Amino acid sequence: MGTKILLFISIIYGCLQNKSDVFFTKKISPSSIVSMFKKLNITLSGNVGLKVHTGEIGGLYFLRPNFLKEIYDYINGTFIECNTAYTSWGRHTTELHQYTLKRNGWLDDDIRTIIMDEDPSQDFNLSIPNYNNISNNIVGSHLKDFDSCLVLAHFKGHAMGGFGGALKQLSIGFASRAGKSNIHSGGYTSNYTETWTHKAEQKDFTAAMADAASSIVNYFKKKGGMAFINVMANISTQCDCGVGAPPPKVRDIGVLASLDPVAIDRASFDLIKKENTEGSQEWIENSNKLLGENTLKLAEELGVGSQDYNLINVDGDDEEEDGEKDNENENKNDTDQSKIYLYIFIPITSLLVIIIGILGFFLFKKNAKIKMYNESLGVSMNASKTE
């Protein structure tokens, strides 16, 4: 009961502060992904796409289809993916990509996965009226088949973007092969054979990613909406785009869910900062070198979401994972006091300030009316005496 009260107060406080809610659990399992999605209290309508990174043959850390099968069945949607602009691993053509999907289990009898830019000649443009670097985003024709979308991201480092999460999926992930080339080259070319000799400066690349992400969010805003889940496990400094990612530098942290892609990535990034270990510091430094947080900043400026978030721990105070108890017990008293301050003192104080403000307003109006009445009465009495 206490946990539910704290959860309720936390949500109300976040609403009062106009922050985006980000739900968090330490539990990393197929069922926890479904539970976290339910916390969002959203119904994704129509034909639902589940955007994933399907990984390379021999890839180590990408989210496997069997791990995502429970949310797949619950949503009753379709896994969606796009061809790549890089040619080194064999997903840059539909034929090679289909082979990789089959090898990695994405085309099993009870799973449906489609490549959105299956026919590159049918790609279409999404215009970006307010942009920093690219004025249009090129996407696959099958995007039109979907009314809403759940983005399932493996949050990790990235060799080009600094980190990969919801925003990476929205930008590079949704772009067709031509669209990826357009983003990586900062709008110079949509030809994947020319991309890597015309790579954009890093600042321009992160700006192009933010631009592309905004086009996808705006596209689904007009349709059935979007939701986002980040899985923070096997957090390497590198991405799922190859087979040689180094061992994870950060321990497994948990699963996050939100309706705001900027908030969920900001919260994921902050959770790694909070680890404050040698590995997490190395991870942060690697992301900073590649201007990873610039994508967050620019995406926020474009209205994709907000970096101001309300992190809601759905596990409660009494649930601890093995191996964490010693560290958590050392700071238990401070943590409890912080939670009392965050979840009880601040919301109650805010509520009292609002009530006092309202009462003060009405008392001021009442006193003003009394003063006006007294003044009018005095004028009337003086007039009588004069007569």
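Read-outs: derived from the displayed coordinates by stated rules, not from any lab. Only a predicted model underlies this, so the values are computations on that prediction, with no experimental measurement involved. Don't worry about glycine lacking a Cβ; one is built from the backbone with ideal geometry, like all the others, and counts go over all protein chains shown.
Amide H to amide H distances under 5 Å link Ile312 with Val22, Phe23, Phe24, where only residues 5 or more positions off or on other chains count and H is placed in the peptide plane. 3J(HN,Hα) along the stretch 153-170: 10, 8, 7, 7, x, 8, 5, 10, x, x, 8, x, x, 5, 5, 4, 5, 5 Hz, from the Karplus curve 6.51 cos²θ - 1.76 cosθ + 1.60 with θ = phi - 60°, whole Hz, x for Gly and Pro. Enclosing the Cα atoms of the stretch 18-316 in their convex hull gives a volume equal to 116 cubic angstrom per residue. Put in order of Cβ neighbour count within 10 Å, fewest first, the listed residues Val304, Val34, Val217 become Val34, Val217, Val304. Relative protection proxy for 170-180, 40-50, from highest mean packing down: 170-180, 40-50 (other beta-carbon atoms within 10 angstrom). Using DSSP, restrict attention to beta bridges with both residues in the stretch 18-316 and report what percent are antiparallel, rounded to the nearest 5. Approximately 45 percent, going by the DSSP bridge assignments. Taking other C-beta atoms within 10 angstrom as a stand-in for reagent exposure, Lys69, Lys38 fall in the order Lys38, Lys69, fewest first.
Across the stretch 34-44, rounded Karplus estimates of 3J(HN,Hα) from the backbone phi angles (6.51 cos²θ - 1.76 cosθ + 1.60, θ = phi - 60°) give 5, 4, 5, 4, 4, 4, 6, 6, 10, 10, 7 Hz, Gly and Pro being marked x.
Working ranking of peptides 139-145, 156-162, 24-30 by packing, defined as the average number of other Cβ atoms within 10 Å per residue, highest first, is 156-162, 139-145, 24-30.
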